[in-house]
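*Asks:* The structure is given below, and queries will be raised subsequently.
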Amino acid sequence: MTKILLVEDSPDLAYGLATSLEIEGYQVEVADDGRKGLDRAKALRPDLVILDLMIPQIDGYKGVK
């Protein structure tokens, strides 16, 4: 099964996207900030990351230095 990591800080948007992707047969994990997203990406090793650029902790623009 294809694994998707969704990094999104808006609970309503994350829920809607995750639900839609799960209905299509994807395994979805959600993280609500950049630090959690990075940690989950390392542990989960997803096939795809959907990243909100403006999230708390580590944003999608700066990344990790």
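A short reminder: the numbers here are calculations on the coordinates, not readings from a lab. For clarity, every value in this text was computed on a predicted model and none was experimentally measured.
*Asks:* Find how much the distance from Q57 to T19 grows on full extension, using 0.36 nm per residue of separation minus their present alpha carbon separation; answer in nm with one decimal.
*Replies:* 11.2 nm
*Asks:* By how many degrees, 0 to 90 and rounded to 10, does the Cα axis of helix 34-44 deviate from the longest principal axis of the chain?
*Replies:* Once rounded, one gets 50 degrees.
*Asks:* Note the angle between two axes, namely the Cα long axis of helix 11-23 and the longest principal axis of the Cα atoms of the chain, as a number of degrees from 0 to 90, rounded to the nearest 10.
*Replies:* Tilt relative to the chain: about 40 degrees.
*Asks:* For I50, enumerate residues with amide H under 5 Å from its amide H, sequence gap 5+ or separate chain, H modeled in the peptide plane.
*Replies:* Those lying under 5 Å, H to H, from I50 are L5, L6, V7.
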